[in-house]
Amino acid sequence: MTDQMFFVSATAAEEPRPERAAQSLVEQISAQTNGAPLDFGLIFLSSHFTREAAQIVARLRAALPLRALIGCTGEGVIGRDEEIEGRPAITFVAGRLPGVELLPFALQPLDWDSLLADPAQFAPAVGAPRRSKLFVLLADPFSTPLADLLAAFNRGYAGVPIIGGVASGAESRGGNSLILNERLLTAGAVGLALAGALEVDLIVSQGCRPIGQPLTVTSARQNMIYSLEGEPPLRAIQQLIDQLSEVDQALIRQNGLFLGQAIDRQQETLGRGDFLIRGVTGVDRRNGAITLGDSIPAGETVQFHLRDASTALEDLQMMLTPQMFVEPPCGALFFSCNGRGRRLYNRPNVDLSTIQDILGGINLAGFFCAGEIGPVGDKNFLHAYTASLALFRPERSAALD
């Protein structure tokens, strides 16, 4: 068992006493490993355990020696068999990764400006090898300029995917906990770089479907688009709404409108999954301009999108379907928006059940995030209302040895 990649997972739910919750995690993991060593772990704690996080981690590390451990608090956590929202719970996933180099790191908000602007400073601060195959990144939203941080990773580690999420559950700075081995941090970001004999499939399900036709941005500044195909965006929206069914019109009233930026604007045919989705956050009725949750420069190809529960589920199923035709992964990490779960589906475990039904039931852990991190194309982005999933397998050459 120790010569092969494997994952184990555990969940402690409805146990408010931190020492008992930690002991339950240890017992569950020990029963699955039969004494085999573990290399790394991720732990996610509901915000009920924010004050006791250090105590729980210390107990876990004493019983389960790991080369690397990262984690954070969230308003809800996701275990192998259940999405747990609004209740005390801890989820933990750990793995044996033979031939894989692990490098945990922390980025603290001492001088973000110089660190993120200078690649010569950024790479040494992270300390990860250029040959890294994956970064797992967890960040505090109140102290981390995450869009700028991801841009720095995209420059300094071009083509290396990042999966992760933004700690949730706190309402102000200092309220979240980030875990890096034995350290407990309340600001910045923690991460783990993985390199070596592993393969990772990344699924970023943005849960939207395109409506209307692709359009070219002809005038824009920062997060404002002033014209599409030479016309005010509001006019294009009004024309689009007139063509939609009553059901889709109701979805816009209920969930708002979204705009997708084509990842490859040279691509002849664009469909679901070919766009980076951003919300339309406002309209200037004086000039017909729209405001977005991000900037899209002139010359880009865009298309309006809708989001609802059935579309989100269908999108996740579509992206997972290819996994049915390959060997099941050894384990997974799952980062879901805190706007999904019961808030989206009005019932629990919809996303998780879909994942486990298709993948055959694998060990995983995750949490409900205040923003999800994942790649679209060859760059990493911060998302909303997204399900981001990392699936781990041994490197093919290593698996054949």
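Can we say VAL283 is touching a residue at least 40 places away in the same chain (Cβ under 8 Å), β-branched (Val, Ile, Thr), buried (at least 16 other Cβ atoms within 10 Å of the Cβ) and in the same structural domain as ASP140 (by TED's automatic domain parsing)? Taking the combined requirement at face value, the residue does not satisfy it.
Output yes when any residue across segment 144-151 is of a type in the set (Ser, Thr, Tyr), in contact (Cβ under 8 Å) with a residue 24 or more places away in the chain, closer than 20 Å to CYS337 by Cα and out of contact with any strand residue (DSSP E or B) (no Cβ under 8 Å at 6 or more places or on another chain), and no when none is. The answer is no; no qualifying residue exists. Among the criteria (1) of a type outside the set (Lys, Arg); (2) crowded, with 19+ Cβ neighbours inside 10 Å; (3) without any contact (Cβ under 8 Å) to a residue 60 or more places away in the chain, the one SER245 does not fulfil is (2). The residues listed here are ASP140, ASP111; of these, the one that is charged (D, E, K, R), modelled with pLDDT of 95 or more and in the same structural domain as LEU364 (by TED's automatic domain parsing) is ASP140. Within segment 34-63, the set of residues being under 19 Å from MET5 (Cβ atoms) and either in contact (Cβ under 8 Å) with a residue 60 or more places away in the chain or surrounded by 17 or more Cβ atoms within 10 Å (Cβ to Cβ) (or both) comprises ALA36, LEU38, ASP39, PHE40, GLY41, LEU42.
Note on segment 211-242: residues that are on the phi > 0 side of the Ramachandran plot and surrounded by 12 or more Cβ atoms within 10 Å (Cβ to Cβ) amount to 2.
Across segment 89-126, what is the number of residues that are polar (S, T, N, Q) and more than 16 Å from LEU138 (Cα to Cα)? Before you say what the answer is, go through the steps one by one.
Let us first name the residues in segment 89-126 that are polar (S, T, N, Q), namely 91, 108, 114, 121.
This time we only want the ones that are more than 16 Å from LEU138 (Cα to Cα), so: 114, 121.
Residues in segment 89-126 being polar (S, T, N, Q) and more than 16 Å from LEU138 (Cα to Cα): 2 in total.
Looking at segment 319-349, which of its residues are touching a residue at least 60 places away in the same chain (Cβ under 8 Å), surrounded by fewer than 19 Cβ atoms within 10 Å (Cβ to Cβ) and in contact with a helix residue (DSSP H, G or I) (Cβ under 7 Å, 6 or more places away or on another chain)? Those that are touching a residue at least 60 places away in the same chain (Cβ under 8 Å), surrounded by fewer than 19 Cβ atoms within 10 Å (Cβ to Cβ) and in contact with a helix residue (DSSP H, G or I) (Cβ under 7 Å, 6 or more places away or on another chain): GLN323, PRO348. Go through ASP264, ASP274 for me and flag whichever is in contact (Cβ under 8 Å) with a residue 40 or more places away in the chain and among the charged types (D, E, K, R). Result of the check over ASP264, ASP274: ASP264.
Scanning segment 107-143 for residues that are of a type in the set (Lys, Arg) and in contact with a strand residue (DSSP E or B) (Cβ under 7 Å, 6 or more places away or on another chain) turns up ARG131, LYS133. For segment 139-171, residues that are farther than 17 Å from VAL200 by Cβ and assigned to a strand (DSSP E or B) total 2.
Within segment 204-214, if we keep just the residues that are in a strand (DSSP E or B) and in contact with a Ser or Thr (Cβ under 7 Å, 6 or more places away or on another chain), the residue that is nearest to ALA332 (Cα to Cα) turns out to be VAL204. Count of segment 1-26 residues, restricted to those that are part of a helix (DSSP H, G or I) and surrounded by 13 or more Cβ atoms within 10 Å (Cβ to Cβ), is 7.
Looking across segment 167-180, just one residue is surrounded by 15 or more Cβ atoms within 10 Å (Cβ to Cβ) and on the phi > 0 side of the Ramachandran plot, and that is GLY169. Inspection of segment 18-25 finds a residue satisfying the criterion of being touching a Leu at 6+ places or on another chain (Cβ under 8 Å) and more than 27 Å from GLU171 (Cα to Cα).
What strands (runs of 3 or more DSSP E) lie completely within segment 224-341 and have 3 or more residues being closer than 30 Å to GLU82 by Cβ and modelled with pLDDT of 95 or more? In segment 224-341, the matching strands (runs of 3 or more DSSP E) lie at 331-337.
The values are calculated or read from the model by the stated rules, or taken from the named source; none is laboratory data. Just so it is clear, the structure is predicted and the values come from calculations on it, not from any experiment. Neighbour counts are summed over all protein chains in view; Cβ atoms, including those assigned to glycine, are modelled from backbone coordinates with ideal geometry.
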